[in-house]
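Student: If you scroll down you'll find the structure; I have some questions about it.
Quick note: the coordinates plus some simple rules give every number you see, no bench work behind them. If you're wondering where the values come from, they're calculated on a predicted model, not measured in any experiment. All Cβ positions, even for glycine, are placed from backbone atoms using ideal geometry, and neighbour counts span all protein chains on display.
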Amino acid sequence: MIRKMMSAGFACAALGLVLVAPNATAAPDGRSASPAAGIAAGIAVDNIAVENWVTDFKEPGVRIRTRPRLDATVVGLGNPGDRAGVIQAVEGDAVTCPDGSRTTEWRELANSRTGVTGFVSICYVY
């Protein structure tokens, strides 16, 4: 049985398919019980494979925005230790990170401490 499951996993990986964890949390109606619950590792979104769907903020006061744009309204702040569940990976405005690199990758996430949901540039989350 395990050998068959491993073979199926390798076949799915070779085809670019995603295996969903059998113990993913869902509400009785089949939807996720919370914004971040039930999201399995390895889900590909917009051709970006996200390996770890739980993240944390790199520095205090990270702005959580309504859209993946620098001019979007700030709806909350994230701090190290808050942790956040990633909802999806998206493209947005180009951001210059503190290390000088530039990226257009953003994460829609839910701050686990505050419950605020919004977008953060990957410069500011792990």
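Student: Can you check what the net charge comes to around residue 81, using other residues whose Cβ is under 12 Å from the Cβ of residue 81 (Lys, Arg +1; Asp, Glu -1)?
Tutor: Counting the neighbours of residue 81, the net charge comes to 0.
Student: A follow-up question, please. What is the gain in length, in nm to one decimal, between residue 72 and residue 99 on full extension, counting 0.36 nm per residue of separation less the C-alpha to C-alpha distance?
Tutor: Separation in residues times 0.36 nm, less the Cα-Cα distance, equals 7.4 nm.
Student: Could the peptides 53-64, 98-109, 82-93 be put in order, highest first, of the mean number of other beta-carbon atoms found within 10 Å of their residues?
Tutor: Ranked from most to least packed, the peptides come out as 82-93, 53-64, 98-109.
Student: Give me a comma-separated list of calculated 3J(HN,Hα) values for the range 92-102, in order, Karplus coefficients 6.51, -1.76, 1.60 applied at θ = phi - 60°, integers in Hz, x for any Gly or Pro.
Tutor: Per-residue couplings from phi come out as x, 4, 6, 10, 8, 6, x, 7, x, 6, 10 Hz.
Student: Amide H to amide H under 5 Å from residue 116: which residues, 5+ apart in sequence or cross-chain, H placed 1.01 Å off N in plane?
Tutor: Here 111 satisfy the definition.
Student: Net charge around residue 111, counting only other residues with Cβ within less than 9 Å of its Cβ (Lys, Arg = +1; Asp, Glu = -1)?
Tutor: Net charge around residue 111: +1.
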